[in-house]
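*Asks:* First the structure, which I've put down as structure tokens, then a few questions once you've had a look.
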Amino acid sequence: MLELETTLHAGAPAFQDNRAFMRAQLTRVSNAVGRAHATELAFTERARKHEKLRPRERLGLLLDRGAPFLELCALAGYGMYGDTDGSFAGGQLIAGLGFVSGRRCLVIVWNHAVKGGTITRVTTQKMLRLQDIAKKQRLPIVSLSESGGGNLEGGGGGDPWGAYAFVEGGVCYCQQAELSAAGIPQIVVAHGNATAGGAYHVALSDYIVLVRGQTQLFLAGPPLLKAATGEVASAEALGGAEMHARVSGTGEYLAEDDADGIRIAREIVAQLPKPAAGALTADVEVLAPLHDPEELDGIVPADAKAFYDIREVIARVVDRSRFLELGRELDSGTICGHAHLGGHRVGIVGNNAPITPNGAKKAAMFLQLCDHSGAPVIFLHNTTGFLVGVEPEERGQVKHGAKLIQAVANLRSPKLTLVVGKSYGAGNYAMASRALKPDFIFAWPTARTAVMGGAQAAKVLQIVAEAKLARSGVAMDANVQAMLDERARAIETGLDATSDAMYCSARLFDDGIIDPRDSRKVLLLALETCLEAEATPRFPNTFGIARF
Ligand code: COA
């Protein structure tokens, strides 16, 4: 394989400009994430008063020391449902890929520092995504739970728990049952309040750890019970750990405190079956990229129209920057080739331009090769979409685009997606965006996802509006023109704002925004998760684990 060359110079002004732009975008992201952490820190005193740990303290005790942890969907709900600055970002769940007792797990810590860990629509959507990951990657789910159930605030400007969201929330419980039947173990520590939906999250788990003096697990807590029937009861009598351990049988392990509960959860994970040995054996020797991954933040220019070569990204991600490119002479806008990541075979599809008919044909054929050889595929988005015009249409643009989407959708080997820059139109689908169900999808802060660029959309609608006015015989004067211009500006601004990386990540179009410099590490962790899944034994049954 050829070692990719670079034309980037870290000392050059253009590189420094790109880096300054990327760092500014990264600061926006880290500020929002930082505010969510600050919300939790501000909760410390209340947690201590109740002799409890904060959510991230619980997380720290659960995870193996020194092992990697990749947080997922940290910005879920950012800017939504009353969140203005990230203080409530995360959808009341702190979740990620991590290691517990040496086993790769999907870890979920309920963030009781935000609205008592109550469930909004974002919580539900994030949970659904996490469950999908666990199912596909055969990952045990370890959940450190503390949730007041459904968020009843309603209204709040965004209908966080309207009827639709309530019904959608039920899918989480359906999937918990399906996961159990599929042989995906779910381990939960009921650290505190578990009301209504919070209670079902616990009760539908296969292993339940109760915490003495802290678990409060009930269908209706004291306030709801009083409102519903007038009955007055203490939380301990209604759903304390002792009651469940000794009387109701809704829990099998009785812990003394938060830390003890987490210790028990770790022991439960330790007795689960392990993936077959050798699942992660590298195909070739692992070699660091020849070009420095630290330079990944100096590639994307601030000017969205400026060209950059996606091979510069590939050169800083793959082993020894080696890339066996295919069909270079056929099309230069869609880049396809084989490489190794952490010693594992991968195929890579990236964009340097709109996807042409030849680019679509080449990529579709390349994906068949990857499918044929079981090579996982990494998609690197940087496209304004499929090429438009008479000539590409005559060359079968729609047909070849459809074929590419077909190849992506039906690819059997793992799909990992990284949205580097633009991800517009059907090019978004063809490059394995969320819609095409990749195993994992991450974004750089420079990612832009939309049906098209704001300026183009405004222009399209301007032409449509002008044609309509002409048909209706309305004369174009200065007033009409001003009205059309104003409308065009609104469309452009609106579309550009909703294509922003943070806007999209808040809506779970990706599994998280990452620092470009971490791309190799993040993609490798995701890749190994997929590779290990195939070697993880499962023992499905018909009904899941029911407690009697
Ligand atoms: N919906 C919306 N917000 C809720 C809520 C709910 N169901 N339950 C609690 N909150 C909010 C509180 O208003 C408070 O908000 P703030 O931080 O802006 O002041 C925050 O969550 C913490 O609640 P608080 O009661 O102060 O904390 P706590 O730790 O003492 O108790 C709960 C937390 C969840 C145990 C308690 O508030 C409770 O029992 N809530 C009712 C739960 C319920 O009946 N749910 C029914 C679901 S169908």
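*Asks:* It is to be established whether one or more residues within the range 285-307 are in contact with a strand residue (DSSP E or B) (Cβ under 8 Å, 6 or more places away or on another chain), within 23 Å of residue 140 (Cα to Cα) and part of a loop (DSSP other than H, G, I, E, B).
*Replies:* Within the range 285-307 (the criterion being in contact with a strand residue (DSSP E or B) (Cβ under 8 Å, 6 or more places away or on another chain), within 23 Å of residue 140 (Cα to Cα) and part of a loop (DSSP other than H, G, I, E, B)), the answer is no, since none of the residues qualifies.
*Asks:* Pairs needed: first member in the range 314-331, in the same structural domain as residue 358 (by TED's automatic domain parsing); second member anywhere, assigned to a loop (DSSP other than H, G, I, E, B) and of a type in the set (Gly, Ala, Ser); C-beta distance under 6 Å; at least 6 residues apart or different chains.
*Replies:* Matching pairs, first to second residue: 321/315.
*Asks:* Continuing with this model, one more query. Please specify each residue of the range 457-475 satisfying the condition of being under 19 Å from residue 384 (Cβ atoms) and either free of Cβ contacts under 8 Å to residues at least 24 places away in the same chain or β-branched (Val, Ile, Thr) (or both).
*Replies:* Across the range 457-475, the qualifying residues are 460, 463.
*Asks:* Are any of the residues in the range 189-197 on the phi < 0 side of the Ramachandran plot, in a helix (DSSP H, G or I), in contact (Cβ under 8 Å) with a residue 12 or more places away in the chain and in the same structural domain as residue 64 (by TED's automatic domain parsing)?
*Replies:* Scanning the range 189-197 turns up at least one residue that is on the phi < 0 side of the Ramachandran plot, in a helix (DSSP H, G or I), in contact (Cβ under 8 Å) with a residue 12 or more places away in the chain and in the same structural domain as residue 64 (by TED's automatic domain parsing).
*Asks:* Which ranges mark the helices (runs of 4 or more DSSP H) fully within the range 439-526 that have 1 or more residues being modelled with pLDDT of 95 or more and open to solvent by 10 Å² or more (accessible area, probe 1.4 Å)?
*Replies:* The qualifying helices (runs of 4 or more DSSP H) are 501-506.
*Asks:* For the range 83-91, state whether one or more residues are within 16 Å of the ligand (Cβ to nearest atom) and in contact (Cβ under 8 Å) with a residue 60 or more places away in the chain.
*Replies:* Yes, the range 83-91 contains at least one residue that is within 16 Å of the ligand (Cβ to nearest atom) and in contact (Cβ under 8 Å) with a residue 60 or more places away in the chain.
*Asks:* Just need a number here: residues in the range 367-391 that are touching a His at 6+ places or on another chain (Cβ under 9 Å) and either surrounded by 15 or more Cβ atoms within 10 Å (Cβ to Cβ) or modelled with pLDDT under 95 (or both).
*Replies:* Result for the range 367-391: 4.
*Asks:* Hey, another quick one. For the range 214-229, indicate whether the set of residues that are modelled with pLDDT of 95 or more, assigned to a loop (DSSP other than H, G, I, E, B), out of contact with any strand residue (DSSP E or B) (no Cβ under 7 Å at 6 or more places or on another chain) and open to solvent by less than 60 Å² (accessible area, probe 1.4 Å) is non-empty.
*Replies:* no
*Asks:* Let me ask something additional. From 319, 292, 309, which residue is modelled with pLDDT of 95 or more, open to solvent by less than 30 Å² (accessible area, probe 1.4 Å) and acidic (Asp, Glu)?
*Replies:* Exactly one residue qualifies, and that residue is 319.
*Asks:* Please give the number of the condition residue 203 fails out of (1) open to solvent by less than 30 Å² (accessible area, probe 1.4 Å); (2) among the small types (Gly, Ala, Ser); (3) within 16 Å of the ligand (Cβ to nearest atom).
*Replies:* (1)
*Asks:* What do you reckon, is residue 61 modelled with pLDDT of 95 or more, more than 16 Å from the ligand (Cβ to nearest atom) and surrounded by fewer than 24 Cβ atoms within 10 Å (Cβ to Cβ)?
*Replies:* yes
*Asks:* Pairs, please: C-beta under 8 Å, at least 6 apart or cross-chain, first residue farther than 30 Å from residue 448 by Cα and in the range 476-494, second assigned to a loop (DSSP other than H, G, I, E, B) and at pLDDT below 90?
*Replies:* Short answer, once both residue conditions are applied: 480/474.
Table: residues versus (1) part of a helix (DSSP H, G or I); (2) under 22 Å from the mean Cα position of the chain (by Cα); (3) surrounded by fewer than 15 Cβ atoms within 10 Å (Cβ to Cβ); (4) aliphatic (A, V, I, L, M).
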residue	(1), (2), (3), (4)
5	no, no, yes, no
8	no, no, no, yes
11	no, no, yes, no
15	yes, no, no, no
18	yes, no, no, no
31	yes, yes, yes, no
35	yes, yes, no, no
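*Asks:* Since residue 176 meets every condition but one in (1) open to solvent by less than 20 Å² (accessible area, probe 1.4 Å); (2) more than 21 Å from residue 120 (Cβ to Cβ); (3) touching a Leu at 6+ places or on another chain (Cβ under 7 Å); (4) more than 15 Å from the ligand (Cβ to nearest atom), which condition does it not meet?
*Replies:* Failing condition for residue 176: (2).
*Asks:* Out of the residues in the range 326-336 meeting the condition of being over 29 Å from the mean Cα position of the chain (by Cα) and under 21 Å from residue 381 (Cβ atoms), tell me which one is least open to solvent (accessible area, probe 1.4 Å).
*Replies:* Ranking the qualifying residues of the range 326-336, first place goes to 331.
*Asks:* Sticking with this one: May I ask you to say which residue of 157, 192 is at pLDDT 95 or above, within 16 Å of the ligand (Cβ to nearest atom) and not aromatic (Phe, Trp, Tyr)?
*Replies:* Among 157, 192, only 192 is at pLDDT 95 or above, within 16 Å of the ligand (Cβ to nearest atom) and not aromatic (Phe, Trp, Tyr).
*Asks:* Going through the range 20-41 one residue at a time, which ones are within 21 Å of residue 108 (Cα to Cα) and in contact (Cβ under 8 Å) with a residue 40 or more places away in the chain?
*Replies:* 32, 33, 34, 35, 36, 38, 39, 40
*Asks:* Under 8 Å between Cβ atoms, at least 6 apart or on separate chains: pull out the pairs that start in the range 218-240 with a residue that is farther than 19 Å from residue 147 by Cα and end on any residue that is open to solvent by 70 Å² or more (accessible area, probe 1.4 Å) and within 13 Å of the ligand (Cβ to nearest atom).
*Replies:* Pairs that qualify, where the first residue is farther than 19 Å from residue 147 by Cα and the partner is open to solvent by 70 Å² or more (accessible area, probe 1.4 Å) and within 13 Å of the ligand (Cβ to nearest atom), are 232/226.
*Asks:* Taking strands (runs of 3 or more DSSP E) that fall entirely within the range 66-172, which contain at least 1 residues that are open to solvent by less than 30 Å² (accessible area, probe 1.4 Å) and touching a Pro at 6+ places or on another chain (Cβ under 8 Å)?
*Replies:* Passing ranges, in order: 93-100, 103-110, 141-147.
*Asks:* Which residues, counting only those in the range 45-65, are of a type in the set (A, V, I, L, M) and assigned to a helix (DSSP H, G or I)?
*Replies:* Within the range 45-65, 47, 59, 61, 62 qualify.
The values are calculated or read from the model by the stated rules, or taken from the named source; none is laboratory data. Small disclaimer: the values here were computed from a predicted structure and weren't measured. A quick note on method: Cβ atoms are made from the backbone with ideal geometry, for glycine too, and the neighbour counts reach across all protein chains shown. The accessibility values were calculated without ligands, DNA or RNA, using every heavy atom of the protein model including side chains. Shrake-Rupley method; radii C 1.70, N 1.55, O 1.52, S 1.80 Å.
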